[in-house]
Amino acid sequence: MHVMNIGSVTWTLIILFQFLEEASSQNNSGASSQVRLVGGIDQYEGRVEVYYNGSWGTVCDDDWDDYDARVVCKMLGYSNGNASICNAFGCNMDLGIALDDVNCFGNETSIHICSHSEWYSHNCKHDEDAGVRCEGGLGSNFQSNICNGDPNCYDNCIITCPREGELGYRCTQPNDCVYDNAMCNSVGKCACGSGYYDSNGVNIAAGNCTTKVGLGSSCPQPDACNDINAMCNSGGKCVCGSGYYDSNGANISDGTCTAKVGLGSSCLQPDACNDTNAICNSDGNCVCGSGFYDSNGVNISDGTCSKDGLGSSCPQPDACNDTNAMCNSGGTCVCGSGYYESNGVNISNGTCTAKVGLGSGCPQPDACNDTNAICNSGGKCVCGSGYFDSNGVNISDGTCTAKVGLGSGCPQPDACNDTNAMCNSGGKCVCGSGYFDSNGVNISDGTCTA
């Protein structure tokens, strides 16, 4: 089997492997002594037998092709060769199967240095013995009578090739393939035709070409789905692959896998949007889902659904992932009016939480909903300096109101702005005991002086 594309590292390893194994084989008397052809009608053809570690063995025909045959024939003095498979030249049951999965490029000097499985490690029987037909040159090491007159030598061999035309085996003509719905593909192997898959494997000899199945159907093989954009999922069902949706429903048998669409496009199915964070809205258009915004605009086709946390830059007005956040004038996500950040001052893992009223616990300095309130040392929201609670002493429905001067009405005991004033029985702010109004008799611009 010839590998067309190969990386430089792999090539280096193969060259090194070839050099080492070729060097180790120099103890043999020459290239031709390492291989022989047996059972053909003339010196140009026969079953390939190779010499290794003191004994002869056959070669399995798995992946055996003309590149491999060319190397064998050149070893024997020919200029070229063609592969034969399926013990076309009989077999020798007394020999072991020495090589399997041979992979030559065609320019090697010996089959021993081609890539192959471990010596005498294989999954074959002798009805898979490989052969060649050589051309050009005189050749050597042909043995037509390896059985030495023993009439029972081939008794256990299938001399004909029953697998010619079966799936995975060589074909030269369109009608060479024996199975219905099979075809001779571009590399000269029988394979299931369009719309069919091999029910027992990927074009193996024991398989049968079976009609591929639709979406939602069971898929015993990876290639059993009839839609080229479908896949066989872990549950053994045909479903649309990544980037596709079923245009007729959720992977039902008459559906077709259609490419998912971008933001702003019409979406016939709930799963038709190609962005995992997008949804198909009530108008039938793909838009970014809750907590996401379109990074390139307002749900346009080349956009991507993104989200930014508190403290992050917000290129779009709707870029903040907290519904109570806003994009401020500096282009940063911050908590909106009436909310504070529960984990800090607008940091990325924070959450915008409703501010609390007077008398409530305040975990953050900015947690109080009244702009004139402060979070005191006891962790409670209270009115700040110069303000009093108009409804009581820092109760939840109160409002911080500016304290009043001397002579003004005082609805609360703490409503007077002078610390030496008091609210008298008539509901007026007056200087307390031991103090007088320096500017007059308790007028608004006065100050209580000792």
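For the range 15-60, name all the residues that are modelled with pLDDT of 50 or more, assigned to a loop (DSSP other than H, G, I, E, B) and under 20 Å from E118 (Cα atoms).
Within the range 15-60, N53, G54 meet the criteria.
With a cut-off of at least 1 residues that are over 28 Å from N343 (Cβ atoms) and at pLDDT 85 or above, name the strands (runs of 3 or more DSSP E) lying wholly within the range 364-450.
So the answer is 387-389, 400-402, 421-423, 429-431.
State which residue is nearest to G398 (Cα to Cα) when the search covers only the range 357-380 and only residues that are small (G, A, S) and exposed (fewer than 14 other Cβ atoms within 10 Å of the Cβ).
Among residues in the range 357-380 that are small (G, A, S) and exposed (fewer than 14 other Cβ atoms within 10 Å of the Cβ), the one nearest to G398 (Cα to Cα) is G361.
Restricting attention to the range 113-126, report how many residues are modelled with pLDDT under 90 and either assigned to a helix (DSSP H, G or I) or among the polar types (S, T, N, Q) (or both).
Of the residues in the range 113-126, 2 are modelled with pLDDT under 90 and either assigned to a helix (DSSP H, G or I) or among the polar types (S, T, N, Q) (or both).
Based on what the data block shows, is A272 at pLDDT 80 or above, under 24 Å from the mean Cα position of the chain (by Cα) and surrounded by fewer than 18 Cβ atoms within 10 Å (Cβ to Cβ)?
no
Go through (1) within 30 Å of the chain's Cα centre (by Cα); (2) outside any loop (DSSP other than H, G, I, E, B); (3) of a type outside the set (A, V, I, L, M, F, W, C) one by one and return the number of the condition Y340 breaks.
Unmet for Y340, out of (1) within 30 Å of the chain's Cα centre (by Cα); (2) outside any loop (DSSP other than H, G, I, E, B); (3) of a type outside the set (A, V, I, L, M, F, W, C): (1).
Test each condition in (1) in contact (Cβ under 8 Å) with a residue 12 or more places away in the chain; (2) open to solvent by 70 Å² or more (accessible area, probe 1.4 Å) for G236 and report the one that comes out false.
(2)
Only one of D63, D129, D94, D101 is modelled with pLDDT under 90, in contact with a strand residue (DSSP E or B) (Cβ under 8 Å, 6 or more places away or on another chain) and open to solvent by 50 Å² or more (accessible area, probe 1.4 Å). Can you tell me which?
Answer to the selection: D63.
Which of the following residues is open to solvent by less than 50 Å² (accessible area, probe 1.4 Å), under 19 Å from C352 (Cβ atoms) and at pLDDT 85 or above: G331, G309, G291, G262?
Being open to solvent by less than 50 Å² (accessible area, probe 1.4 Å), under 19 Å from C352 (Cβ atoms) and at pLDDT 85 or above holds for just one of G331, G309, G291, G262, which is G331.
The values are calculated or read from the model by the stated rules, or taken from the named source; none is laboratory data. Computed from a predicted model, the values in this text were never measured in an experiment. Here the Cβ is made from the backbone with ideal geometry for all residues, glycine too, and neighbour counts use every protein chain on show. When the accessible area is computed, the model is the full protein with side chains, heavy atoms only, and any ligands, DNA or RNA have been set aside. Shrake-Rupley method; radii C 1.70, N 1.55, O 1.52, S 1.80 Å.
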